[in-house]
Every structure is written in C-alpha cells, then in structure tokens.
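S.K.: Below: one structure in structure tokens.
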Amino acid sequence: MRRRGYYLAFPMIFAIMLFSTFITAANNNQPAKRVYNTSGQTARDLVIDGKPDEDCWKTARLESNFIQYQPAEGGKASEKTEFAILFDAHNMYIAAKCHDSNADSIVKRITRRDNIDGDAFVIQIDSYFDKKSAFSFWVTAAGVKRDEFISNDGNEDSSWDAVWDAKTSTDSGGWYAEIKIPLTQLRFEGGADQTWGLQVARIVYRNQETTVWQQATRKVNGWVSQYGELTGMQNIRSKKIAEVRPYFVARADTYPKEVSNPFKKSGSEFLLNGGVDGKFGITNNLTLDFTINPDFGQVEADPSEVNLTSFETFFQEKRPFFVEGKNIFSFQLALGDGSLGNENLFYSRRVGRAPHYSPSTEDGEYCDIPEFTRIIGAAKISGKTKDGWSLGLLESVTSNEYARVKGSGTDKRILTEPLTNFTIARIQKDFNNGNTILGGMATSVNRNISNSHLDFLHKNAYSGGIDFAHYWHNKDWEININTYWSRVEGSREAITATQKSSAHYFQRGDATHKELDTNRTSLTGSGGKFLIGKMGGQFKFMTAVTWKSPELELNDAGYMRTSDNIFQLAWAQYRIVKPIWIIRSFSVNFNQYTEWTFAGENTTNGGNINTNTTFKNYIYMGAGYNFSFAALSVTALRGGPAIKYPGNNSAWLYLESNEQKKFGCSLYLSTGASAIKSNNIENSYEVGLQYKPTNSLNMSVSGSYSLSMRELQYVKSFSINSSKEYLFARIDQRTFSGSVRVNYNITPDLSLQYWGQPFISAGGYSQFKRAADTKSDSYKERFHVYGANELSYNQTDNNYSIKSNSGSTLHTFDNPDFNVKEFLSNMVLRWEYKPGSTLYFVWSQSRERDDSNGRFGFNDNLSELFSKKPNNVFLVKLSYRFGR
C-alpha cells in the first residue's frame with residue numbers, strides 16, 4: 001500500500017506545481033522585432049561565385065549587429081557578420097560577409113550535403129508567414145550546402161532537398177557567401193506587398209558560438225515564432241515548381257554458386273531498370289511529388305540484430321521519397337523517444353516491405369523469395385494554404401509479388417504478397433496566430449486477396465485520428481490531446497491471428513477483460529493521449545496519460561508494439577543555458593511512469609534521473625540511473641498467463657571529447673541487475689574513435705560489447721496431456737557489434753563513403769524451467785526448474801526431452817542455442833554533376849553464417865564469418881533533372 005501511495009503522489013505533486021506556476025507566471029520580455037526592407041533593391045548582373053562585389057551589392061542595405069544565441073544567450077558576438085538580400089523576378093539572392101579577426105582559424109571541412117561540419121551561415125525564411133514553418137538554407141565556409149524544412153515552430157527536417165546554388169570564398173578578413181534561391185523552391189501567395197518571417201544566423205565553429213540577427217531565447221518553447229520580418233517585396237510573383245528526374249540503373253549481383261540450387265547455379269545475375277521521379281506545383285502552395293518504379297539501391301542497409309522478443313523491430317526510414325516531408329504525415333500516438341515515441345498511425349516501412357508469406361518446400365525443392373515488395377508507383381501532395389490549412393495526401397500501390405519454386409520436376413510461382421493500395425491523408429488548421437492547432441489523419445490499406453493461402457492477411461485496414469494542441473504564455477505552456485481509432489477486416493483466420501498476435505494476446509487465460517473469438521471477421525479499437533506541461537523557461541515539467549484499447553490494431557499502415565494499456569508519465573527538467581563556472585550548459589531530468597492494462601493489472605512501475613553536461617572545454621558527459629519495481633508482464637509468456645517480474649536497477653555513463661578536434665573519442669558504459677538476488681545482469685560497453693586528418697577526410701570506428709544474463713527467457717509453449725506448458729530458460733547472451741565509416745569528400749558535390757558492420761551474437765540456454773504459480777509473491781514459486789531426471793539432452797540430434805516420473809518422453813524440443821554472425825558493408829560514390837542530377841556508383845557486400853552453438857569467441861567467430869564467400873551487389877544509378 002505504501003508503494004501505491006508513492007506513485008499517486010507524483011501526479012499530485014505535478015498538479016500543485018502546475019497550479020502554482022499558473023499563479024506566479026509573469027510575461028516574458030520579448031525583444032523588439034527587427035525588419036529587413038528590400039524596397040528599391042533589385043538584383044542585376046549577378047554571378048554566384050562567393051564574392052559579393054557586384055555593383056548591386058554595393059548599394060544594397062547591409063544588416064549586422066548579431067547577438068549570441070549560444071553559449072552566452074544575449075551576449076555580444078565575437079565576430080562581426082553582415083548580410084544583404086536582393087530579388088529579381090525569379091530568384092532571391094543573399095550575400096554574407098562573415099568577418100573574422102583570426103581568419104586562419106576558420107574551419108572549412110568538406111562534407112557531404114546536409115552534414116554540416118565547420119563555420120556556417122544560415123538564412124531561414126517563413127514565406128508562409130504563419131510563424132510555425134520555414135525554409136532553411138545553410139552554407140559552410142567550405143561551400144557545403146544543407147537545407148531543411150522547419151515545421152511546428154522548430155521541428156527540423158533535413159530530408160527536404162531544394163534546388164539552389166551557393167558559393168563561398170575566403171581572404172585574410174574572413175569568409176564570404178553568395179546564395180541564389182529560385183522562388184520555385186519557396187511557398188507563398190503572390191501579391192503587391194509581401195511580408196515574410198526572417199532569421200539569419202552564423203556559426204563560429206571554433207567557439208561553438210551561434211549568433212543571430214533577430215534576438216532569440218532558448219527559454220521560449222518555439223523558434224520560428226521568434227523570427228524578425230522581411231518586407232518591401234513588391235509585386236513578387238509566386239512560382240510553381242516543375243521538374244522531372246528520370247533514372248536508369250544497371251545492377252550486377254554475385255553470390256556463392258550452388259550447383260544443386262537452380263536459382264544460384266550461375267553465381268551471378270544482371271538487371272537493367274529505370275523509372276522516373278517528379279515534382280509539380282499544383283497551386284502556389286501545394287506540391288505533387290511522384291515516383292514510378294522507384295529504386296533505392298543506394299540506401300544503406302539496416303543494422304544487424306538478434307531479436308529474442310515477440311515484438312517487431314522498428315527500423316528508421318532511409319528511402320528518399322518517404323523520408324522527404326515525413327513530418328506532415330506523422331501522427332504520434334504517445335510521446336518521447338524509444339519504443340513509445342516510434343508508435344505512429346503511419347510507418348512508411350510498411351510500403352514495399354518484405355512479403356508476408358513464405359512457401360514451404362518439399363525435399364529437393366528450392367525457393368526464391370523476393371527481398372522486398374515492388375512499389376509500382378507512389379505520389380504525395382503536400383503544402384500549406386494562406387488560410388493556415390496544412391494538407392498531406394500520400395497514395396502508393398505495391399505489386400503482386402511471387403516466389404519461384406523449382407526442383408523435383410516442379411517449376412511454379414506462388415503469390416507471397418497481394419496487390420496492395422496504401423492511402424494516407426493528413427490535415428491541420430492553425431488558429432489564434434498558430435497558438436491553436438486542430439488536425440486529423442486517416443489511413444487505409446486495401447489488399448486484393450484472391451488466394452486462400454493469404455487469408456491470414458487483413459483484406460482492409462483503416463485508422464484515423466484527431467489531434468488538438470494549444471499554446472499560451474508565449475508558448476511556455478501547452479496542452480496536447482489526441483484520440484484515434486482503428487478497424488481491420490478479413491477472414492476469420494486473419495482476425496483470429498490478429499487477436500493472438502504479440503500486440504494483443506487475447507488467448508490469455510487469466511485475462512478477465514478480453515477473450516479470443518475465432519468467429520470474428522473484424523476488430524475495432526481506439527486510443528488517445530492527454531498531455532499538459534510547461535515547456536519554456538529554465539524549469540520545465542509535464543504530465544501525460546496515454547491509452548490504447550485491447551482491440552486497437554494499427555500495424556497495417558502504422559507501428560504499434562502493444563495494445564491494452566494505460567500509461568501515465570510525469571517529467572521535470574531543470575537546465576542551465578548560460579555558461580557558469582566550468583559548465584557551458586547543463587540539464588537534469590526526472591521521470592516517473594506507471595502502466596496498467598484495461599483490467600487494472602499493473603505492468604510497469606519505475607522512473608529515472610539523468611543529467612547532461614557540456615563543459616567549457618567542449619567535453620560532453622551524460623549519466624543516468626533507472627529503477628523499476630516488481631510488476632506483471634502480460635507478454636512474457638506470449639499468450640500465456642501474466643507473470644510477476646522482479647524490479648531492476650541500472651545506471652549508465654556517456655563521455656564524448658571535443659568534436660572540434662581532429663581526433664575524438666567517446667565512451668558509453670551501462671550496467672543493470674535485478675532488484676532481487678538472481679542472475680539477471682545486463683552490461684554494455686561501447687567505444688568510438690574519430691579522426692579527421694584533413695578537411696575532406698573523416699574516419700570513424702566504433703565497437704560495442706554487451707553481456708546479458710536473464711533467468712526468464714521465453715523458449716516455447718507446448719501441450720502435455722491437454723495441459724498448456726510454458727518453457728523458460730536462463731540465457732547467457734554475448735553480442736559484439738562494430739562500425740567502420742570512411743567519408744572522403746573531394747568537393748561538396750563529389751563524395752565517397754564507406755560503411756562496414758561486423759556483428760556477432762551468441763546465446764547459450766541452461767536451467768530450463770516451466771511456468772508454475774506465475775503471480776506468487778515468492779520468486780522461486782513462479783516456475784519449476786527441471787531436474788536431471790526430468791530433462792535429458794541428445795547430443796546426436798541436438799535436442800532436449802522432457803521426461804515423466806516413469807521416464808517416458810513427454811515432449812521434445814530443439815536446442816535453442818544460437819550463434820549468429822553477419823557482415824554488412826556499403827560503398828557509395830555520389831556525384832551531383834548538376835543541381836538535382838546525380839550519379840551513383842554503389843558496392844554492397846553481405847556475409848552471414850548461423851550455427852546452433854551458443855559459444856561466443858570473437859576471433860573464431862570472425863574467422864568463420866569471413867571464410868564464407870560473400871554476396872555482392874554492384875550498381876550504377878544515373879538521374880537527370882529537367883525543370884525549373
């Protein structure tokens with residue numbers, strides 16, 4: 001009872017803090033808005049060469065008087081910065097003069113586009129003038145470009161790629177930049193007199209100093225809303241973008257020959273392919289992006305892992321079409337990062353995923369299954385109107401996908417994925433100068449299922465949601481509410497499979513609030529979130545509740561780990577944003593969280609405290625302590641009864657050296673153990689090294705090693721005499737993962753990148769046990785450990801047998817020990833030979849080997865891995881941009 005009161009106290013404390021802050025809050029002093037007026041200034045005879053010495057620049061209005069944004073907010077800039085802005089009928093031009101009293105110390109590192117490293121100049125334009133969104137253009141002293149689309153008053157999306165030009169130059173007085181931005185790359189309503197939001201910034205890398213033209217503060221929960229203004233643009237007409245990028249791909253695959261396998265008999269194959277990408281302005285504010293037969297061969301592979309849970313792994317999206325503009329199609333279910341933050345109504349990796357069905361084969365037969373489902377085409381419309389409506393519509397069709405089966409006189413095609421249509425629609429409306437936002441989202445997935453062996457798939461899946469956010473007191477405070485629903489339809493087989501899946505486990509015998517119904521042909525569920533908090537100032541705090549009903553199912557278009565939960569969170573942070581003593585910046589966070597099922601079963605009790613510190617010598621340190629108390633797990637037995645898990649405690653430490661130096665290093669340590677005396681241990685160690693020998697070469701290597709010993713690792717379930725049994729074991733798992741990266745940037749438009757990852761994971765099982773009184777207060781009564789007379793191992797067949805008292809065999813199962821070894825690598829030469837047109841040369845290699853022993857031996861395992869012949873992919877991809 002004492003512990004329950006402890007958890008109830010947290011929301012009460014936060015409610016008191018919330019009320020007291022309402023009473024004592026005072027209005028922030030906002031700096032005066034600066035205005036840059038371009039009236040009477042017209043660009044003539046400009047050559048973009050990084051030297052703003054043309055006559056029109058000499059008469060243009062120069063702005064200066066930049067102010068520190070960090071580290072010493074509001075402080076005087078260490079170096080003088082000037083800029084000017086001009087327009088003509090088609091373009092916007094910016095000249096920057098970044099004066100420097102120590103020009104030899106200007107950092108000019110050549111990197112790939114969007115990967116900024118060194119001194120930089122930034123201009124950000126709120127052409128919608130909604131004080132929420134902006135187009136951001138960066139250029140470094142080395143001439144490297146970065147562009148971003150900023151949404152929701154501060155969310156930066158660097159996947160947005162505009163077509164623009166920038167050049168730089170350097171002399172003894174500093175460095176200079178000229179930027180040319182076609183008006184087709186901006187979104188605005190044409191008119192006699194325009195007003196846009198404007199922010200200009202400069203980064204002096206050696207000082208880790210950011211200065212801004214319009215004074216801004218980190219204490220305010222917002223960025224675009226703090227911009228100054230750009231005026232005087234008379235009779236500027238908006239331009240509709242129009243571009244088409246056809247592409248051609250030549251690909252060669254090599255792999256080890258298998259004489260008996262008809263699909264690998266030759267050891268190689270060749271492929272020619274092509275498609276087209278395009279972008280068209282429908283109106284001044286709405287843009288259509290499309291892709292036909294897209295190819296993503298240049299995209300880096302997903303990292304290796306061994307997943308021993310029942311939950312699907314979340315992988316980040318890397319495909320350009322789906323990455324660009326992804327923010328507008330986001331409807332986050334919960335909050336934060338990690339597994340909770342990943343849950344969303346739309347998970348774009350569903351489009352073009354690996355086929356659902358894997359055919360079984362007979363002896364002597366071989367099967368060739370496609371790695372991904374081919375995307376026939378995809379299109380999306382996105383933009384924002386002058387009335388504050390943000391719109392997004394995505395449509396994609398994936399093809400029928402077939403596996404080929406050959407051998408024993410057979411040659412057949414088997415459908416593994418049906419023709420599928422994905423539709424995603426998003427809408428939001430701003431009110432009250434962007435301080436109130438109301439939005440909605442809807443998704444649909446429709447499959448053309450014509451073969452009975454695919455009846456386990458949903459025929460139709462729909463979801464939708466409504467979200468509301470309101471900000472006040474200069475956006476220091478916010479309230480955020482959403483509600484959402486889902487409906488899936490299909491055969492009885494499909495809906496039964498959904499009910500039994502790891503997201504639901506309706507078959508749990510001890511669940512009083514849900515039961516398996518094998519006659520259902522649809523499932524409808526709902527969920528929601530309520531959040532209120534103070535997000536501005538040095539002291540921040542927030543409390544939130546999220547809920548998902550047992551019937552909620554979103555994994556056709558979205559991503560959801562589990563349903564049937566009510567999650568409560570309280571968070572507080574204190575931060576120092578101005579340098580003090582030896583500290584450049586500092587923050588400390590406190591978190592408390594609790595979770596229940598809809599039947600009131602307590603499944604999580606815990607919290608953590610963590611700190612993040614940057615010192616004045618630019619060394620970074622983070623540390624944290626996590627704790628949790630005993631709670632029920634309703635998923636550990638994978639459809640069996642809930643089991644009481646002991647609490648655990650863990651701590652972590654992270655150190656990173658000054659990133660400005662040529663040589664850098666980082667260290668991460670974590671350790672965790674069960675709160676009771678047992679062999680539950682989780683330790684992890686990671687070291688990273690980085691070396692920048694020249695301004696164009698960056699090399700890094702990292703390695704991590706983890707040791708995990710768990711007493712209650714699920715193995716399988718089985719029946720003995722009509723009684724369901726659940727098998728656990730102790731697992732000793734050791735994992736090594738490494739990463740090697742080499743980035744050589746010959747020019748800002750020509751780069752060579754290499755990435756390689758060796759991965760080894762081995763797990764040995766012992767002390768097999770079956771579930772017993774799973775909710776007992778006594779830890780040892782929750783399971784029964786099999787004795788020597790109850791369990792035997794057959795070395796010849798590599799399996800275990802469970803024996804009765806009389807010695808007869810009750811059940812046999814394979815030895816679950818594993819040893820997984822994998823090596824992935826990717827080398828990409830990228831040349832943007834003209835703006836928007838690229839040439840790729842790609843070499844990808846993979847090696848893998850699995851063994852049924854749980855012994856981890858780094859040298860032996862690595863030697864075994866590289867003794868296996870690799871799979872290689874050689875690819876050339878050429879795209880050419882037509883348009884304006």
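The values are calculated or read from the model by the stated rules, or taken from the named source; none is laboratory data. It should be emphasised that the depicted structure is a prediction, and the values quoted were computed from it without experimental measurement. Here the Cβ positions follow ideal geometry from the backbone for every residue, glycine too, while neighbour counts run over all protein chains shown. Just so you know, the surface numbers come from the protein's heavy atoms only, side chains and all, with ligands and any DNA or RNA stripped out. Shrake-Rupley method; radii C 1.70, N 1.55, O 1.52, S 1.80 Å.
S.K.: For region 294-340, what is the charge dipole size about the Cα centre, in debye to the nearest 20, if Lys and Arg each add +1 at the Cβ and Asp and Glu each add -1 at the Cβ?
M.R.: In total the dipole reaches around 140 debye.
S.K.: Determine the sum of side-chain charges near ASP289: Lys and Arg each +1, Asp and Glu each -1, restricted to other residues whose C-beta is under 9 angstrom from that of ASP289.
M.R.: Within the 9 Å Cβ shell, the charges total 0.
S.K.: Could you tell me how far the Cα centroid of region 719-748 sits from the Cα centroid of region 493-543, in Å?
M.R.: 26
S.K.: Sticking with this one: How many angstrom separate the Cα center of region 685-710 from the Cα center of region 255-324?
M.R.: Computed from Cα coordinates, the inter-centre distance equals 27 Å.
S.K.: Where nothing but the Cβ of Lys and Arg (+1) and of Asp and Glu (-1) is charged, how large is the charge dipole of region 844-884 around its Cα centre, in debye to the nearest 20?
M.R.: Here region 844-884 has a charge dipole of around 520 debye.
S.K.: So how far, in whole Å, is the C-alpha centre of region 381-419 from the one of region 554-623?
M.R.: Each part reduced to its Cα centre gives a spacing of 37 Å.
S.K.: Mind putting together the pair-distance distribution for region 404-542? All Cα pairs, 10 Å bins, whole percent per bin, short to long.
M.R.: That works out to 10, 25, 23, 20, 14, 5, 2, 0, in percent per bin.
S.K.: Now for a different question. What whole-number volume per residue, in cubic angstrom, does the convex hull of the C-alpha atoms of region 786-878 give?
M.R.: Normalising the Cα hull of region 786-878 by residue number yields 164 Å³.
S.K.: At q = 0.12, 0.18 Å⁻¹, what log₁₀ I(q)/I(0) does region 252-343 have when each alpha carbon counts as one equal point scatterer in the Debye sum?
M.R.: -0.72, -1.08
S.K.: If you don't mind, another one. Search the structure for amide H atoms under 5 Å from the amide H of ASN853, placed 1.01 Å from N in the peptide plane, and list their residues when 5 or more places away or on another chain.
M.R.: When sequence neighbours closer than 5 places are left aside, the close amide H contacts are ASN819.
S.K.: Counting helices only, and only those DSSP H runs with n ≥ 4, report the 222 nm mean residue ellipticity of the chain as the sum of -39,500 (n - 2.57) divided by its residues, in deg cm²/dmol to the nearest 500.
M.R.: -1500 deg cm²/dmol
S.K.: Could you tell me which of LEU824, ILE125, ILE424 has its Cα farthest along the dipole of the chain towards the positive end, charges placed at Cβ (Lys, Arg +1; Asp, Glu -1), taken about the Cα centre?
M.R.: So the residue we want is ILE125.
S.K.: Above 18 Å lies some portion of the pair distances; for region 103-166, what is it as a whole percent of all C-alpha pairs?
M.R.: 38
S.K.: Along its three principal axes, how long is region 34-187 when you only count alpha carbons? Whole Å, largest extent first please.
M.R.: Ordered largest first, region 34-187 gives principal extents of 39, 36, 32 Å.
S.K.: Can you find, among SER304, TYR668, ALA511, the residue sitting farthest towards the positive end of the charge dipole of the chain, where Lys and Arg contribute +1 and Asp and Glu -1 at Cβ?
M.R.: The one lying farthest along the dipole's positive direction is TYR668.
S.K.: Follow-up. In nm, give the distance between the simple-model label positions of THR671 and SER801, each being 7 Å from the Cα along the Cα-to-Cβ direction.
M.R.: 4.4
S.K.: Computed over the Cα atoms of the chain, what is the ratio Rg over Rh, Rh following Kirkwood?
M.R.: With Rg and the Kirkwood Rh in hand, the quotient comes to 0.97.
S.K.: While we're looking at this one, here's another question. Treating the beta-carbon of each Lys and Arg as +1 and of each Asp and Glu as -1, no other charges, what is the dipole magnitude of the chain about its Cα centre, to the nearest 20 debye?
M.R.: 880
S.K.: What's log10 of I(q)/I(0) for region 491-622 at q = 0.15, 0.19, 0.21 Å⁻¹, Debye sum over Cα points only, no solvent?
M.R.: Relative scattering, expressed as log10 I(q)/I(0), comes to -0.81, -1.04, -1.17.
S.K.: Quick one: 3J(HN,Hα) in Hz for region 181-187, Karplus 6.51/-1.76/1.60 with θ = phi - 60°, rounded, Gly and Pro as x.
M.R.: So the J values, rounded to whole Hz, are 10, x, 5, 5, 8, 10, 10.
S.K.: Between LEU750 and ASN658, what is 0.36 nm times their sequence separation minus the Cα-Cα distance? Round to one decimal in nm.
M.R.: 30.4 nm
S.K.: Here's a follow-up. Apply 1/(1 + (r/R0)^6) to the Cβ-Cβ distance of PHE590 and SER330, taking R0 = 22 Å, and write down the FRET efficiency to the nearest 0.05.
M.R.: Taking R0 as 22 Å, the efficiency between PHE590 and SER330 is 0.20.
S.K.: Continuing with the same structure: In square angstrom, what is the accessible area per residue of region 680-827 with a 1.4 angstrom probe?
M.R.: 47
S.K.: Show me 799-809, 457-467, 681-691, 489-499 ranked by packing, highest mean number of other Cβ atoms within 10 Å first.
M.R.: 457-467, 489-499, 681-691, 799-809
S.K.: Could you check how much of the accessible area of the chain is carbon and sulfur, as a whole percent, using a 1.4 Å probe?
M.R.: Heavy-atom surface of the chain belonging to carbon and sulfur, 1.4 Å probe: 53 percent.
S.K.: Averaging over every viewing direction, what projected area does the convex hull of the Cα atoms of region 138-273 cover, in nm²?
M.R.: Directional mean of the projected Cα hull area for region 138-273 stands at 15.6 nm².
S.K.: Would you tally the net charge around LYS406, using a Cβ to Cβ cut-off of less than 13 Å, leaving LYS406 out, and scoring K and R as +1, D and E as -1?
M.R.: 0
S.K.: Under 5 Å between amide H atoms, partner at least 5 residues away or on a different chain: which partners does VAL220 have, H built in plane at 1.01 Å?
M.R.: Here the answer is GLY537, since their amide H atoms fall under 5 Å of that of VAL220.
S.K.: Ordered by residue, what ³J(HN,Hα) values in Hz, to whole numbers, does region 387-399 give under the Karplus form 6.51 cos²θ - 1.76 cosθ + 1.60, where θ = phi - 60° and Gly and Pro are x?
M.R.: Those phi angles translate into 8, x, 8, 9, 10, x, 9, 10, 10, 9, 10, 10, 7 Hz.
S.K.: Here is a follow-up. Stretch TYR685-THR436 to full length: gain in nm at 0.36 nm per residue minus the Cα-Cα span?
M.R.: Working it through step by step, the gained length comes to 85.1 nm.
S.K.: How do the peptides 852-861, 121-130 rank, highest first, by the average count of neighbouring beta carbon atoms within 10 Å per residue?
M.R.: 121-130, 852-861
S.K.: Leaving ligands and nucleic acids out of the surface, order LEU865, LEU288 by accessible area at 1.4 Å, largest first.
M.R.: The residues order as LEU288, LEU865, largest area first.
S.K.: Still on this structure: What are the ³J(HN,Hα) couplings of region 814-819, residue after residue, when phi is run through the Karplus curve with 6.51, -1.76, 1.60 and θ = phi - 60°? Round to Hz, x for glycine and proline.
M.R.: So the Karplus estimates, Gly and Pro as x, are 5, 4, x, 4, 9, 9 Hz.
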